[in-house]
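Q: This is the structure, below, for whatever I ask next.
The values are calculated or read from the model by the stated rules, or taken from the named source; none is laboratory data. What you are looking at is a predicted structure, and each value in this text was computed from that prediction instead of being measured. Here the Cβ positions follow ideal geometry from the backbone for every residue, glycine too, while neighbour counts run over all protein chains shown.
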Amino acid sequence: MAFVRFWFDQVNTAFMTPDPKLIPQLSSPTCRSCSNLADNPVQYAAKGHRVTPAPFKPLVDIKSMGADPLGQHRVSFTLSQNAVTVVDSTGVAVEKQKASSAARVALLSRKGDQWLMEGLAAPQS
């Protein structure tokens, strides 16, 4: 659960600075959700843009769902996104994004001494 919180803290930093390296270094190369999120800081950095305020609020309703037979761990939580503004290098707004909230499940694995995000998805019914 602590890693999931840390991962989203790093996503926030990646979007606000922007730093395109933060998300990939904490994510499995096969994580499509991670790759999709990681594309944003890459594009922002190339354009000299950043996001303000932090896109994601602290996670709530976070619960460990335990490990699956493959040893991957699942964590459920509610992910809430702030209304954010994408600004250029001079601070001028170039885009606005609405607030949202959704239940999510993170799939995590342990590689040596490091946790990695393997995937993010809506909970299965």
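Q: Mind checking which residues of the range 97-113 are free of Cβ contacts under 8 Å to residues at least 40 places away in the same chain and not aliphatic (A, V, I, L, M)?
A: 98, 100, 101, 104, 110, 111, 112, 113
Q: Have a look at 40, 36 and point out the one that is modelled with pLDDT of 95 or more, within 18 Å of residue 93 (Cα to Cα) and surrounded by fewer than 20 Cβ atoms within 10 Å (Cβ to Cβ).
A: Going through 40, 36 in turn, the sole match is 40.
Q: Enumerate the pairs (first residue in the range 57-73 and among the hydroxyl-bearing types (Ser, Thr, Tyr); second residue anywhere and not in a strand (DSSP E or B)) with beta-carbon separation below 6 Å, excluding pairs fewer than 6 apart on the same chain, so at least 6 apart or on different chains.
A: Filtered contacts from the range 57-73: 64/1.
Q: Then there's this: Is one or more of the residues making up the range 30-45 under 18 Å from residue 114 (Cβ atoms), in contact with a helix residue (DSSP H, G or I) (Cβ under 6 Å, 6 or more places away or on another chain) and among the hydroxyl-bearing types (Ser, Thr, Tyr)?
A: No, the conditions are met nowhere in the range 30-45.
Q: Just give me the residues in the range 57-85 being surrounded by 13 or more Cβ atoms within 10 Å (Cβ to Cβ), part of a strand (DSSP E or B), of a type outside the set (A, V, I, L, M) and out of contact with any helix residue (DSSP H, G or I) (no Cβ under 7 Å at 6 or more places or on another chain), in sequence order.
A: Result: 73, 74, 76, 78, 80, 81, 85.
Q: Let me ask something else about it. If you go through the range 37-46 one residue at a time, do you hit one that is of a type in the set (S, T, N, Q), in contact (Cβ under 8 Å) with a residue 12 or more places away in the chain and assigned to a loop (DSSP other than H, G, I, E, B)?
A: Checking the range 37-46: not a single residue is of a type in the set (S, T, N, Q), in contact (Cβ under 8 Å) with a residue 12 or more places away in the chain and assigned to a loop (DSSP other than H, G, I, E, B).
Q: Right, here's the next one. When you look at residue 94, is it free of Cβ contacts under 8 Å to residues at least 60 places away in the same chain, surrounded by 15 or more Cβ atoms within 10 Å (Cβ to Cβ), among the aliphatic types (A, V, I, L, M) and more than 17 Å from residue 20 (Cβ to Cβ), yes or no?
A: Spelling it out, it is not the case that residue 94 is free of Cβ contacts under 8 Å to residues at least 60 places away in the same chain, surrounded by 15 or more Cβ atoms within 10 Å (Cβ to Cβ), among the aliphatic types (A, V, I, L, M) and more than 17 Å from residue 20 (Cβ to Cβ).
Q: Read through the list (1) buried (at least 16 other Cβ atoms within 10 Å of the Cβ); (2) within 21 Å of residue 124 (Cβ to Cβ), then give the number of the only condition that residue 20 fails.
A: It fails just one condition, (2).
Q: When the range 2-17 is examined, which residues are found to be closer than 18 Å to residue 108 by Cβ and surrounded by 15 or more Cβ atoms within 10 Å (Cβ to Cβ)?
A: 3, 4, 7, 8, 9, 10, 11
Q: Right, another one. For the range 72-115, name all the residues that are over 20 Å from residue 15 (Cβ atoms) and not small (Gly, Ala, Ser).
A: Those that are over 20 Å from residue 15 (Cβ atoms) and not small (Gly, Ala, Ser): 72, 73, 74, 75, 105, 107, 108, 110, 111, 113, 114, 115.
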